[in-house]
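Participant: I have a structure I would like to understand better, so I am pasting it below and will then ask my questions one at a time.
The values are calculated or read from the model by the stated rules, or taken from the named source; none is laboratory data. All values reported here derive from a predicted model rather than from experimental measurement. For neighbour counting, all protein chains shown are included, and Cβ atoms are generated from backbone atoms with ideal geometry for every residue, glycine included.
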Amino acid sequence: MKAWSSSSRLRISASGVAPLGLLAEAAEDEPLLCLVDDAHWLELVSAQVFAFVARQVQAERLALVFGVRDQVPVPAAVMAFAGLPELRLNGLADADARALLHPVVHAPLDDRVRERILAEARGNPLALLELSRHGAPAGPAGGFGMPAELSVPGRIEESFQRRAAGLPPLTQTMMLLAAADPVGDAALLWRAAEHLGIGAEAIAPAEAAGLLEVGAGVRFSHPLVRSAVYRAADPAERRRAHGALAEATSVRADPDRRAWHRAQAVLGTAESRARSSGTPLALGVEARSRALTTTGPAAEDLYREAIDHLSRCRFATFLGRAHLIYGEWLRREGRRQDAREQFRTAHEMLSDMGVRAFADRADCELRATGEQPRKRVTQPTDALTAQELRIARLVATGATSKEVAAQLFLSPRTIDAHLRNIFGKLGIASAASSGPSTSPEKDQKPRTFRTRASSNPNVGRT
C-alpha cells in the first residue's frame, strides 16, 4: 500500500469531482491511503470536499483517514465529517502516564503539582511532556496557582505560544510565514521572507528553540506549534504574511496556491473560492456557510440564495441539506409553517437519495412540527440503494458500465460491484450481451437484461 504525505499535491475543487477521480485512478494500480491530520483546521469548503470524496468511496482500494480534535464549540469543518465511521482515541492509562512523566522531570516536584499535571493532561502524551517541561505557569512557589481554563490542546498551544513569543520579532515573522503556508515549501518561505526584507538567518533562533526545522521543506516540531503561531498573530499580520506568500508564488507554476494566498490576504476563504470557481455548487455552499454565521433577514436571504444556486447543480444531496438547515433556522425563528415546508422537501429528497442520517433528522424535525412524513408506496426497486437505483436507470437507457462510471464520477470497479448487487436484488437471472464482462469496451453494444420478475418500469424512469 502506498500513502501520500502532507507534501503531496492534491488539487481541491469545489465540486469534489477532481479529487475523487484523481484518488480513484491512483487506487487502480495499488491500494491507496489518504491521511488528513488535524482536519479540524481545514476551511469549510475543503472539509466538505474531502467528506464528499469519503462518502463516494465504495469498491475502490482506497481509504481516507481524518484526524480531528475534540473541541467545544465543534468547528464547522468537523461537522462536515458527521456520519462517517469513527474511532475515538483515548488517553494513556494512569500507570502509563506516570511512567512517561517520571523520566522527563529533572527537578523535585511537589506531589500535588504532579497530580495536577497528570489530571490536566488526561493521558495525552504530548501534554504530559510539554506541560512538565514548559507549561507550568508562573505563580506561587510549589505550583499552587489556579488551573488555566483551557483544554489540554489549548494548554499545549499556549505553551508553544509563550516559547515563540520570546523569540526576536523577525524570527516570529518568519515563523508566521511558515505557519501560513500549508505545503511547507522552503523555497517559497525564503522568497516570501525576501519580499518582506527579512534574511534567511532570522529563522535560526526558532530552529535552536526546537520549534521547527528547515531543510528541503519546512517542518514544525508538532502541528500545534504551527497552530499556536498562526493563532497568536493578529488578522493584519496574517494578511501581510499571506500577501507575501502570494507574491512569492509563481502564477504559472502554481496559480491555485497563489490565488488561495491572495484570497486569504484580502477576503474570506469561502467567498473568494466561490468567486473564483463560479460554479452553482461553490456559490451555493458559500452562501450556505455565510448563512450559518448570519442572523435576521440577511440570514434568510443567504439560505434562499444557497437553495437557488444548489438547485442548479447536479449534487442533489447539498440541496436537500440546504432545505433542512433552512428549515431548522425557520423553526428557531418561530415560523413553524414555513419550516414545515422546508422539512417536507428535505425529507422527500434525502429519503429518495438514501441519505439516511439527514433524512432521519428531517423526519424528526417534521414530526416536531406536528406533521407525519408522507409514506411512500412500496416499489420493487425499494430494495435498491439510491446509488444502485441511479446506476440501474442509466444502464436501462443503454449506457455501458464505463459511461455510467464517467457520469457518476465513480470508478468502473465500483459500478461493477453495484451491478452485481442490483442483479441479486432484482432477481436478474442472466445478462444477454456479446461478452461476459460487466465493463464493456468502447465498441461493445449495450447489454439487455432478462429478469425472473416482470419488467420494472421504475428502473428506466428518469
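Participant: Quick check on my filter: what residues within region 38-80 are aromatic (Phe, Trp, Tyr) and either at pLDDT below 80 or farther than 23 Å from residue 25 by Cα (or both)?
Facilitator: 41
Participant: Same structure, new question: Can you find a residue in region 191-198 that is closer than 17 Å to residue 230 by Cα, assigned to a helix (DSSP H, G or I) and not charged (D, E, K, R)?
Facilitator: Checked against the condition, which is being closer than 17 Å to residue 230 by Cα, assigned to a helix (DSSP H, G or I) and not charged (D, E, K, R), region 191-198 yields at least one hit.
Participant: What's the total number of residues in region 204-226 that are touching a residue at least 12 places away in the same chain (Cβ under 8 Å) and out of contact with any strand residue (DSSP E or B) (no Cβ under 6 Å at 6 or more places or on another chain)?
Facilitator: Matching residues across region 204-226 total 13.
Participant: If you don't mind, there's one more thing I want to ask. State whether one or more residues within region 66-73 are of a type outside the set (Gly, Ala, Ser), closer than 22 Å to residue 317 by Cα and assigned by TED's automatic domain parsing to the domain that holds residue 23.
Facilitator: yes
Participant: On to the next question. Of the residues 263, 282, 291, which single one is out of contact with any His (no Cβ under 6 Å at 6 or more places or on another chain), buried (at least 19 other Cβ atoms within 10 Å of the Cβ), in the same structural domain as residue 320 (by TED's automatic domain parsing) and modelled with pLDDT under 80?
Facilitator: The unique qualifying residue is 282.
Participant: Here is a follow-up. Out of curiosity, is residue 245 at pLDDT 90 or above and surrounded by 14 or more Cβ atoms within 10 Å (Cβ to Cβ)?
Facilitator: yes
Participant: Next question, about the same structure. Pairs needed: first member in region 185-202, assigned by TED's automatic domain parsing to the domain that holds residue 168 and at pLDDT below 95; second member anywhere, of a type in the set (Phe, Trp, Tyr) and surrounded by fewer than 21 Cβ atoms within 10 Å (Cβ to Cβ); C-beta distance under 6 Å; at least 6 residues apart or different chains.
Facilitator: 200/190
Participant: Check whether at least one residue in region 220-234 is assigned to a strand (DSSP E or B) and within 14 Å of residue 174 (Cβ to Cβ), and report yes or no.
Facilitator: Just the residues of region 220-234 that are assigned to a strand (DSSP E or B), to begin with: 220.
Cutting the leftovers down to within 14 Å of residue 174 (Cβ to Cβ) gives us 220.
Yes, there is a match, as at least one residue in region 220-234 is assigned to a strand (DSSP E or B) and within 14 Å of residue 174 (Cβ to Cβ).
Residue-wise test of (1) of a type in the set (Gly, Ala, Ser); (2) modelled with pLDDT under 80.
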| site | (1), (2) |
| --- | --- |
| 98 | no, no |
| 105 | no, yes |
| 126 | no, yes |
| 130 | no, yes |
| 150 | no, yes |
| 154 | yes, yes |
| 161 | no, no |
| 168 | no, no |
| 172 | no, no |
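Results for (1) loosely packed, with under 14 Cβ neighbours inside 10 Å; (2) assigned to a loop (DSSP other than H, G, I, E, B), shown as yes or no for each residue.
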position	(1), (2)
59	no, yes
70	yes, yes
78	no, no
81	no, yes
90	yes, yes
95	yes, no
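Participant: Output the residues belonging to region 199-213 that are of a type outside the set (Gly, Ala, Ser) and either farther than 27 Å from residue 155 by Cβ or assigned to a loop (DSSP other than H, G, I, E, B) (or both).
Facilitator: 201, 211 - these are the residues of region 199-213 that are of a type outside the set (Gly, Ala, Ser) and either farther than 27 Å from residue 155 by Cβ or assigned to a loop (DSSP other than H, G, I, E, B) (or both).
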